[in-house]
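See structure below.
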Amino acid sequence: MQKFLVLLFFVFTINTGFTQTQYEILKDYVDGGKILKGVISKDILASDTSFKWFSQNLKPFSGSKEIVAAFAKQKDSVQLVIFFGTWCEDSHTILPKLFSFLDAAGFPDDRVTLIGVDRNKKTISHVTDAFNIINVPTIMVMKEGKELGLIVEYGRYGMVEKELAEIVDKK
């Protein structure tokens with residue numbers, strides 16, 4: 001319970017609008033690219049030319065309309081906290097598809113908190129340690145400060161959107 005209160009405080013603090021940058025820019029020791037560590041926005045991924053993978057993979061959602069509708073029913077009652085790596089190939093594949101799905105469901109961007117991690121799965125303020133994040137992307141579905149469900153990497157089915165709809169539909 002204490003972990004969830006810490007996360008709730010963290011997410012609330014982030015979304016209330018600090019004027020300072022909430023992330024660090026690191027040089028990737030593997031390929032020399034850029035790694036963002038901390039809280040970032042979808043707009044940063046879309047506009048920074050270092051992350052071409054985001055825009056290139058961001059296509060209109062073409063999956064099941066039933067899954068979109070099921071998730072859309074609960075869109076105003078949940079929040080997503082997503083741990084990911086700007087260096088991570090799974091994140092490169094999953095994040096753009098996830099945002100396409102969220103856009104199709106009318107899910108507001110301000111209900112998504114993106115937390116970038118380095119190659120050691122660490123972030124600012126040791127949030128990954130508090131939640132034992134070992135793989136990225138990890139998507140936490142939250143409601144009223146409590147975790148409803150967790151999707152790690154591609155989830156159980158390889159269809160993150162289906163699992164998201166199931167998580168919010170059950171609760």
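Read-outs throughout are calculated quantities, based only on the coordinates presented, and are distinct from any laboratory measurement. On a predicted model such as this, the values are computed, not experimentally measured, just so you know. Glycine gets a Cβ as well: all are built from the backbone with ideal geometry, and neighbour counts include every protein chain shown.
First select every other residue whose beta carbon is under 9 angstrom from the beta carbon of Ile35; then total the charges, Lys and Arg +1, Asp and Glu -1.
Net of charged neighbours comes to +1.
With each pseudo-label sitting 7 Å past Cα toward Cβ, what's the Ala130-Lys52 distance in nm, one decimal?
3.7 nm
Run the helix sum for the chain: -39,500 (n - 2.57) per DSSP H stretch of 4+ residues, divided by residue count, reported at 222 nm to the nearest 500 deg cm²/dmol.
Mean residue ellipticity, 222 nm, calculated: -11000 deg cm²/dmol.
Can you compute the charge dipole magnitude of segment 86-155 about its Cα centre, using +1 on each Lys and Arg Cβ and -1 on each Asp and Glu Cβ, nothing else charged? Give it in debye, rounded to the nearest 20.
120 debye
Is there a quick way to get the dipole size of segment 31-171? I mean about its Cα centre, with the Cβ of Lys and Arg at +1 and of Asp and Glu at -1; what is the value in debye to the nearest 20?
Here segment 31-171 has a charge dipole of around 80 debye.
With θ taken as phi - 60° and the coefficients 6.51, -1.76 and 1.60, list the Karplus ³J(HN,Hα) couplings across segment 136-153 in order, rounded to whole Hz; mark glycine and proline as x.
10, x, 10, 10, 9, 9, 10, 9, 6, x, 10, 6, 8, x, 9, 10, 10, 6
Could you give me the ³J(HN,Hα) list for segment 115-120, computed from phi with Karplus coefficients 6.51, -1.76, 1.60 and θ = phi - 60°, whole Hz, x at Gly and Pro?
Taking θ as phi minus 60°, the curve returns 10, x, 10, 7, 5, 8 Hz for segment 115-120.
Taking the Cα centre of segment 42-155 as the origin and placing charges on Cβ (Lys, Arg +1; Asp, Glu -1), which of Leu114, Ser64, Gly85 is farthest toward the positive end of the dipole?
Toward the positive end, the furthest listed residue is Ser64.
Can you list residues whose amide H is under 5 Å from Thr113's amide H, if they're 5+ apart or on another chain and H is modeled 1.01 Å from N?
So Thr113 has HN proximity to Leu80, Val81, Ile82.
Please turn the phi angles of segment 26-35 into ³J(HN,Hα) values with the Karplus equation 6.51 cos²θ - 1.76 cosθ + 1.60 (θ = phi - 60°), one per residue in order, whole Hz, x for glycine and proline.
Result, ordered by residue: 10, 8, 6, 6, 8, 10, x, x, 9, 10 Hz.
Could you work out how far apart the two model spin labels at Ser41 and Ile25 are, taking each label as a point 7 Å from the Cα in the direction of the beta carbon, and quote it in nm?
1.6 nm
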